[in-house]
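Please treat every number below as a calculation from the coordinates, not as lab data. All figures in this text were calculated on a predicted structure; none of them were measured in a lab. Virtual Cβ from ideal backbone geometry, glycine too; neighbours counted across all protein chains shown.
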Amino acid sequence: MSLPVEPTRIGSVETVRVPLGARAYDIRIGADLLDTAGEAIAPLLRRPRVAILTEERVAALHLDRLTAALDGAGIESAALALPAGEGTKGWPGLERAVEWLIAREVARDDLVIAFGGGVIGDLGGFAAAVLRRGVGFVQIPTTLLAQVDSSVGGKTGINSGQGKNLIGAFHQPRLVLADIALLGTLPPRDLLAGYGEVVKYGLLGDAGFFGWLEANGPALAAGDGAARAHAVRRSCEMKAEIVARDETEQGDRALLNLGHTFGHALEAATGYSDRLLHGEGVAIGCLLAFTLSARLGLCPQEAPSRVAAHLERMGMKRDLADIPGELPDAEALVALMGQDKKVRDGRIAFILARDIGAAFVSRDVDLADVRGLLAEALARRR
Ligand code: GLY
């Protein structure tokens, strides 16, 4: 059953509700929400005190504004800034965060604020999930990727040496504040990588939104605030609706992994390094998923052509040929997919599509077809 998710307009701030019963929460979307974060968070607190987990780049750019906003609402705060980058999202980073929170005497009914991109959101949320068997947390995502995906829906966790996001918990935030203005300080490459996740929403379930992105994507990338706010809002609406239907990914939530089976394998093959950002892997993976769907006769050939044309127009990576450095062969890439946590009973879940906006989950894909597709894509690199 699909629950309606209606956005509410409040001045220039829009609110999307994630309707999860006792754990329901709001995602607020708007420019300069950071300056009113204190007022937004104060009603959630039992005592006027919060602990902020952040990362060094975000702290240098924006932490003063957040602490001033909290101060202004009479909320005392302290912050731990961890090193930027995926390397932080492991056991040592988690240990540092949790021990710091314990030393700060964060109690069961206090709140932790995760202030940063996907790494801090996932790690901060997981630290909150395990601290004293669970304390509440607020997400203030600072990247496009985090605003449209990782800050919403309660997936928290860290990476294992054996694979990405293999250690974690579902722990929903109490509030998400997506300040669109913070996207202005993102490096263009990071913004476009996050845009890969935005495109994913259109491709998986809303052809009209994909058409809107074809028309408005370039303006969004160039800095158009209204376009950014609309894209974040529509992405969050779609995610909220899917999460409300299937919070713990027993079924439809897997649709949100469109492009991720391929993308995670490519990320693993490139060592989770700067060679390929997560959102770039997702964009390449979405195009591979549509190409595979067309090859299998499941969707019209025009669909992958349209996806490729949009990624190209946006100046995004769209092919294995766009990934610098060595890549392993097709067999090894398929083996990396087998490490993914989406594998069940030895079957790899692929998100395929009947058309743009019509994705579905399949566990019946013949891996020979996947190997063939990847071998051809690898051959284009030569
Ligand atoms: N990023 C996929 C999910 O939240 O389910």
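Cross-link partners for K239 among the aspartates and glutamates, with Cα-Cα distance under 13 Å and sequence neighbours closer than 8 places in the same chain left out: E6, D26, D149, E197, D206, E247, E249, D252. Placing a pseudo-label 7 Å from each Cα along the Cα-to-Cβ vector at R295 and E56 gives an inter-label distance of 4.2 nm. Kindly identify the range 290-382 as rounded, prolate or oblate by the Cα gyration tensor criterion: order the square roots of the eigenvalues as a ≥ b ≥ c, call it rounded if a/c is under 1.5, otherwise compare a/b with b/c, prolate if a/b is larger, else oblate. Because a/c hits 1.5 or more and a/b fails to exceed b/c, the range 290-382 counts as oblate. Amide H contacts of V138 (H built 1.01 Å from N, in plane; Pro and chain starts excluded): V112, I113, A114, R174 sit under 5 Å, all sequence-distant by 5 or more or on other chains. Comparing A240, A193, A309 in a Gaussian network model of the chain, where Cα atoms under 10 Å apart are tied by springs, the biggest mean-square fluctuation is seen for A309. For the chain, the mean residue ellipticity at 222 nm estimated from helices alone is -13000 deg cm²/dmol, where every DSSP H run of n ≥ 4 contributes -39500 (n - 2.57) and the total is divided by all residues, rounded to the nearest 500.
Spatially, the range 35-87 and the range 281-338 are offset by 39 Å when compared through their Cα centroids.
Protection proxy ranking of 251-262, 66-77, by the mean of other Cβ atoms within 10 Å over each peptide's residues and highest first, is 251-262, 66-77.
Each peptide in 269-280, 33-44 gets a packing score, the mean of other Cβ atoms within 10 Å over its residues, and the list from highest to lowest is 269-280, 33-44. Taking the charge dipole of the chain about its Cα centre, with +1 at Lys and Arg Cβ atoms and -1 at Asp and Glu Cβ atoms, the residue from A283, T67, I113 reaching farthest to the positive side is I113.
Is the range 145-195 rounded, prolate or oblate when judged by the Cα gyration tensor, a ≥ b ≥ c being the square roots of its eigenvalues, rounded requiring a/c under 1.5 and prolate requiring a/b larger than b/c? In terms of gyration-tensor shape, oblate. Relative to the current alpha-carbon distance between F360 and R47, full extension at 0.36 nm per residue lengthens the span by 108.1 nm. Using Cβ point charges alone (K and R +1, D and E -1), the dipole size of the range 228-304 about the Cα centre works out to roughly 180 debye. If both residues of a DSSP beta bridge must be in the chain, then about 45% of such bridges are antiparallel.
The stretch between D319 and L378, if pulled fully straight at 0.36 nm per residue, gains 20.3 nm over its current Cα-Cα span. Listing F360, F350 from fewest to most neighbouring C-beta atoms within 10 Å gives F360, F350. Here the peptides 88-100, 160-172 are ranked by packing, the mean other Cβ count within 10 Å, and the order with the highest first is 88-100, 160-172. For a test of the definition: using alpha carbon positions, the gyration tensor, and the 1.5 limit on a/c, classify the range 13-107 as rounded, prolate or oblate. Note, shape of the range 13-107 comes out rounded.
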